[in-house]
Amino acid sequence: MHSSFKFAILFALIFIASVGIAVAQNKFEGYSFTLEADISGTCPITYLPSTGAKNAIEVYIAGTDLRQKAPNISPCDGSDVRDGKTYTNGIGRWCFQGPEPMYEVKLTNGASYLWYPTNENTGFYNLKDFRPVRRTQLGKYEFQEPKDYTSTFRNAIQYISSRQGGTLRVPDGDYVVGTLDGVRRDPNYQAITLTSGLNIIGAGSNASVANSNLPWRFSPTRIRLRYPNQTIFRIGGCTNQVTVKDLELMGNSSLMAEAKRDSTGTYGVEALGKWAKNSRTGQESPNSSQVFKFENITFQDFDKGIYVHNANDENCKANEQVCKSWHFDYIKVDHGFFVNNKTGIWIDTYNTDWTIANTVFSYIATNGPGDGIRVKAAGSMLVQQTFGGGYDYASAIGGTFLNVDTIGSLTVINSGSERGKRTLYTNPAGMITNVNLIMIGSVFGDPIELHGSANFISTGNWFGADTIKADPGVSITSTGDRFCYDSRIFACKDTSGQIVRRPNFQGGRMMFQTGRMPEGSGDTRIDGKPNRFGYNVELTDGLFQYDPNITFSDIQKWARGGDGRPPVSDGAFVYCKDCRRGGECSQGRAGSDGAFAKRINNRWMCD
C-alpha cells in the first residue's frame, strides 16, 4: 500500500476517534452548599464561601469510595480544573466535563454526592438513580439496594436543589428512613429537608395494613419510620413551591408479629420556621415559606400527620423573633387520607392560610387526643368536601374533628363528621369578636361547642336536635339550616333519646334566623319556627309592608297556636283588615274597618 494512502487512513481514524471522545463528554454543573432545615427555624440552604476556595469540589469516579480521582475532566462555563479540584466561576457555580455517565463530587465540608450530567431529561429524576453504586473492574456501574433510604433521598434532593427545583419520582417500593440499616436507630438522623421548587411524586397512595401478611401490607409507594421522635420530611424557612403527592407516609407502625410501637413525636411533614428579629436593631426577617401542595397522600400512624409551628415554640424571646408569627402560607391539602394518627393536621402560627379539600380524617379518641384538625393559631382556613370521625360510638369513637383555639376565619363547606365526640370545639380564650366561623351545606350530628365571643354564620346545614351549644357571647346568624330528619321518617330526638319538638341552637345570641314550617303529627311532630331578628332592625329608603289580607279570624286562630304555629306571645303586631278599632279587637267589616292589632296581656288590642 502506498505510504501516503496509509497516512490518510491513519489520519481519518485519529479524527474519528477524537470526534467520538468529544461527543462522549458530558457536562456536570452545580453549587456547593449545605441543605438542612434544622430546629433553629432558619433558611435551610447555606452556600459554602468562596474565600479560600471553600466552594471548590473534588471529582471522583463514582462507586470507588472516593479512592479514584476522575481523570480526563475539563472545565466549562468559566470554571477551572487544577490541582485535583474544580473551582467555581464568577457566579459561584462549578462546571466540568467528563466521559462518565455519573461522578461523585466531594465538597470541602466532607460531604459527597452522586452527580449526573445535564441532558434532555434534566428536571425529571428517579430516586433509584441516587442509590449507592459500585464500579466493577470492567467499568460497569451496579446500584445497590439500601436498607435505609435516608442518604438516597438527601442525595437526590441536594442535586435537585442545585438546579433550583425539579421532579423526583419515587417508584413502587417500601422506603425506610431514620435508621442505620433498616433496623437500628440512627442517633444522628435529621428529617429530610424539602427545598424550593421540589416535586416528590410516588406511584400511589393506597393505605397499607402494615401488621398483616396479606398483599395489602404494602402500598405502591410507602416512606416510613421505625422509631419515635422522628420526622420524615421537614420544611424550613425561605422555601417556596413544594409539591408532595401520590404516596403513603407512615410513622412508627408495627409490622406483622410486632408489638405495638410508639408513635410519640413522629411527624409525616413538619414545617418549622421563625420570623426573626435582630435583637439589637429590631430589624425583622420573616423567612417566609409559601405555596405548598400535599395531594393524594396517606398519612398513617403519626403523632401528627402535618405539623406546622414556630421555632422555640413556648420559649420564644420577643426580642429575637416575632412569636407565633412565622409566615407559612398558601397551603393546599387535597385528596388526603389521615388514618390512625393522634392528630391529623396541627397548625400553630398566626400567619398561615389553608385549603383542605376532598380529604378524610379517620381517628379514635383512645389514640389521644384523636383529633382531625387542631388549630392552635392560624390566619384563615377553608375546609371543603372533607369528612372526619371514628369507627363507632363506643370504644372506637373519634375525638374532635375541628379543634380550634384561635383563627381569623374558618369556612367549612359541604363537609361532615360522625362517630366522634365533637364536630367543632372552640377555645373561649381565643374566640374574640373578630373571629368568623362559617359553615355552609354541611352535615354535623356530633356536638358543636362554641365558646367565647366569635361570630357563627351558618347556611344550609343539617344538625341534630341538640348539636350546637353556644356561650352567650357567640353571635349566630342562621339561614336555611335544618334540625333533624324529615319527621315522616324519623322522630326528632336529642342525644339522650328524648323527643324534641322545637330543635334549635342552644345558647348564643341569635342575630338572624330563618324559620321553618311545622311538620309531622303526634310523636313525630316538629313545631313551626318563625323567622327571627335578634337585634335592632333598620329599614332605609323603603317601608315595611304587612300582609293586607290577615283577618280577625286569623289572629284569633294564631292566639290559640293553630296551623302548627307556636301560640302568639305578647308583643306581636299585625295588620288586621276586618278588625274594629277601639280597645280590644273585635270582628268588623273589611273595607270599612281595619286596624293594627297588638298583643298585650294575652289580648289583641286595636286601640
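Going 7 Å from the Cα of Lys128 toward and past its Cβ, which residues in segment 154-178 have a backbone nitrogen under 19 Å from where you end up? Of the residues in segment 154-178, 154-157, 167-177 have backbone N under 19 Å from the label point off Lys128.
When the P(r) is computed for segment 301-459, the part past 28 Å accounts for 15% of the Cα-Cα pairs. Of all DSSP bridge pairs formed entirely within the chain, close to 30 percent run antiparallel.
Gain on full extension, evaluated as 0.36 nm per residue between Ser569 and Tyr47 minus their Cα-Cα distance, stands at 180.2 nm. By the rule of a C-alpha distance below 19 Å, with chain neighbours fewer than 8 residues away ignored, the lysines paired with Lys128 are Lys140, Lys147, Lys245. Between Glu584 and Thr411, the FRET efficiency estimated from the beta carbon spacing at R0 = 51 angstrom works out to 0.50. Of the trypsin sites (Lys or Arg not before Pro) found in segment 527-594, those that fall in a DSSP loop while having at most 11 other beta-carbon atoms within 10 Å are Arg589. Here the spin labels are modelled as points 7 Å beyond Cα on the Cα-Cβ line, and at Phe512 and Tyr141 they lie 6.7 nm apart.
Each principal axis of segment 147-306 carries a Cα extent, and these read 60, 30, 25 Å when sorted largest first. Dimensions of segment 552-605 along the principal axes, based on C-alpha atoms and rounded to the nearest Å, stand at 31, 21, 13, largest first. Pairs from the list Lys317/Lys421; Lys317/Lys376; Lys293/Lys469 with a Cα-Cα gap above 29 Å: Lys317/Lys421; Lys293/Lys469.
Filter the GluC sites (Glu not before Pro) in segment 98-189 to those in DSSP coil with at most 11 other Cβ atoms within 10 Å of their Cβ, and list the result. Present the calculation step by step, with values, prior to reporting the outcome.
Working: sites: Glu104, Glu120, Glu142; in loops: Glu120.
Loop-located and lightly packed - Glu120.
What's the extension gain from Gln164 to Trp462 if we count 0.36 nm per residue and subtract their Cα-Cα distance?
Working: separation 298, 0.36 × 298 = 107.28 nm, distance 4.80 nm.
Here the segment from Gln164 to Trp462 would lengthen by 102.5 nm.
Model label sites at Ala396 and Lys598, defined 7 Å from Cα along the beta-carbon direction, differ in position by 6.3 nm. Between segment 252-277 and segment 385-447, the C-alpha centres lie 24 angstrom from each other. Of the trypsin sites (Lys or Arg not before Pro) found in segment 291-364, those that fall in a DSSP loop while having at most 16 other beta-carbon atoms within 10 Å are Lys317.
The order of Trp275, Trp558, going from fewest to most other C-beta atoms within 10 Å of their C-beta, is Trp558, Trp275. Put simply, the Cα atoms of segment 25-141 extend 46, 31, 30 Å along their principal axes, the longest span coming first. Spatial offset of segment 294-310 relative to segment 23-56 amounts to 29 Å, using the alpha carbon center of each. Over all orientations, the chain has a Cα convex hull whose mean projected area works out to 44.6 square nanometres.
Rank the residues Val339, Val183, Val404, Val443 as a footprinting-exposure proxy: fewest other Cβ atoms within 10 Å of their Cβ go first.
Values: Val339 19, Val183 10, Val404 26, Val443 16.
Listing Val339, Val183, Val404, Val443 from fewest to most nearby Cβ atoms yields Val183, Val443, Val339, Val404.
None of the figures in this text is laboratory data; all of them are computed from the coordinates on show. For clarity, every value in this text was computed on a predicted model and none was experimentally measured. Glycine also receives a Cβ, built like all others from the backbone with ideal geometry; neighbour counts cover every protein chain displayed.
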